[in-house]
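Structure record follows, encoded as structure tokens.
The values are calculated or read from the model by the stated rules, or taken from the named source; none is laboratory data. Here the structure is a predicted model, which is why all the values come from computation and not from measurement. Glycine gets a Cβ as well: all are built from the backbone with ideal geometry, and neighbour counts include every protein chain shown.
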Amino acid sequence: MNPRQRLYIQKQPLYMKLPMVLLTIVLTVAIMIYAKGILVPLTISGLLAILISPLSSWLESKGVPRIIAAFLSLIALLGVLFGLIYFFYNQLIGFADEIYLLERRMSEFLQTFNEFTEQHIEGAVPISFDDIQNAAFNYLYANMASLTQGVIATATTITIIFIIPIYIFLFLYFRRFLVDFILRAFPEKDREKVNHVIRKVKLVVQNYIVGMFIVIIILAILNSIALYSFGLRHALLFAVFAALLNVIPFLGPFIGATLPIIYALLTKDSIWYPFGIFLSFYVIQLAESNIFTPKIVGGKVSMNPLMTIVALLFGNFIWGLAGMILFIPGMAMLKVIFDEVEGLEPYGFLLGDTKRKKTADSIAEPLGERIKSWSKKKKKKN
């Protein structure tokens with residue numbers, strides 16, 4: 001867009017610009033919803049390909065052919081993912097053996113609750129475990145059509161799982177070709193700036209995923225220490241699961257803390273156990289929000305809480321759970337682009353963290369440099 005065209009658009013009255021903006025947003029959202037089956041695996045594959053592209057580049061610098069370097073990088077990534085799946089599989093097998101115990105404890109808990117309400121609340125209606133089971137089965141029968149669609153969706157998900165590794169390999173192998181295509185799509189005078197934006201977006205994605213991985217490991221260790229200290233069975237399963245849910249801001253940590261609290265309430269004889277777990281997770285979450293994530297990830301990629309919530313809501317509306325996870329790094333990438341494109345700086349400011357006031361350069365600062373600078377500042381204070 002040349003300056004004359006930009007000036008013409010800026011001179012248009014608000015009542016003409018607003019419908020065009022709204023129409024663009026509606027069309028974009030509609031396309032993203034109807035093309036979910038194509039866009040979600042492509043987005044996941046693109047982010048993972050960006051994550052492991054340094055490994056592929058390093059192998060190529062050692063003389064490994066590009067196709068073999070891309071294949072080895074993919075194998076390394078799949079090895080990590082399969083190791084995580086195997087861990088949860090083994091943990092869930094042990095947890096499944098206690099389902100009968102949990103049902104019995106749930107019945108006892110409801111009986112105690114009913115006795116308490118009958119003594120202190122006049123006219124209280126008792127709740128039975130059988131009523132809860134019957135209500136659950138009735139809900140399943142009433143929503144059989146939705147369940148059938150869920151089975152079809154599961155089959156589609158399995159297909160996507162096999163397609164994603166192929167996408168990742170192709171993204172790795174053709175990454176330079178794709179960058180050249182993007183550069184050729186812009187005038188020659190803008191290509192240097194476009195290349196600069198591409199490098200920043202790549203660094204943002206890598207810093208976010210690697211940083212979140214480090215934070216997840218730290219949280220898994222702290223959660224495990226807390227749960228093992230209370231003698232909770234399957235502590236490692238709850239600890240790692242709660243740490244992984246941290247990729248979903250606000251909602252994920254809440255769910256991750258609720259599950260072990262309920263389990264402790266059903267399996268322990270004292271109310272102090274779930275209360276102690278709640279207090280421990282609260283302290284750990286405070287440390288995550290104020291220390292770990294800001295220092296390692298960069299303040300949740302420098303997005304303010306309002307825009308983070310908006311991203312979660314839109315992500316859930318458009319792509320469901322996948323959208324809640326993918327829209328956070330996606331919004332961070334948009335912020336980098338908005339900060340660099342003339343005329344879009346206000347939108348980058350809107351997405352940014354008002355407390356930290358970081359520019360796109362600071363967002364794209366390599367993770368290692370950020371940790372080093374943090375360590376230097378800490379040493380100076382001491």
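Being in contact (Cβ under 8 Å) with a residue 60 or more places away in the chain and touching a Ser or Thr at 6+ places or on another chain (Cβ under 9 Å) is the filter; apply it to region 236-265 and report the residue that is farthest from L286 (Cα to Cα).
Among those that are in contact (Cβ under 8 Å) with a residue 60 or more places away in the chain and touching a Ser or Thr at 6+ places or on another chain (Cβ under 9 Å), it is L236.
Among (1) closer than 26 Å to L203 by Cα; (2) at pLDDT 80 or above; (3) of a type outside the set (G, A, S), there is one condition V297 misses while meeting the rest; what is its number?
Failed condition: (2).
Only residues that are loosely packed, with under 12 Cβ neighbours inside 10 Å and part of a helix (DSSP H, G or I): list them for region 39-66, please.
Once the filter is applied, which keeps residues that are loosely packed, with under 12 Cβ neighbours inside 10 Å and part of a helix (DSSP H, G or I), region 39-66 yields only S61.
Taking L232 and the conditions (1) buried (at least 18 other Cβ atoms within 10 Å of the Cβ); (2) part of a helix (DSSP H, G or I), which numbered condition does it fall short on, given that it satisfies the others?
Of everything listed in (1) buried (at least 18 other Cβ atoms within 10 Å of the Cβ); (2) part of a helix (DSSP H, G or I), L232 misses just condition (2).
Among the residues of region 211-227, write down those that are within 19 Å of the chain's Cα centre (by Cα), at pLDDT 90 or above and small (G, A, S).
A220
Return yes or no: is F254 in the same structural domain as F338 (by TED's automatic domain parsing), in a helix (DSSP H, G or I) and touching a Phe, Trp or Tyr at 6+ places or on another chain (Cβ under 8 Å)?
When the stated conditions are applied, F254 does not pass them.
Which of the residues belonging to region 245-260 are modelled with pLDDT of 85 or more, under 15 Å from the mean Cα position of the chain (by Cα) and surrounded by fewer than 17 Cβ atoms within 10 Å (Cβ to Cβ)?
Correct list: F254, I255.
Could you check region 261-299 and list, in sequence order, the residues that are part of a loop (DSSP other than H, G, I, E, B) and surrounded by fewer than 17 Cβ atoms within 10 Å (Cβ to Cβ)?
D269, S270, I271
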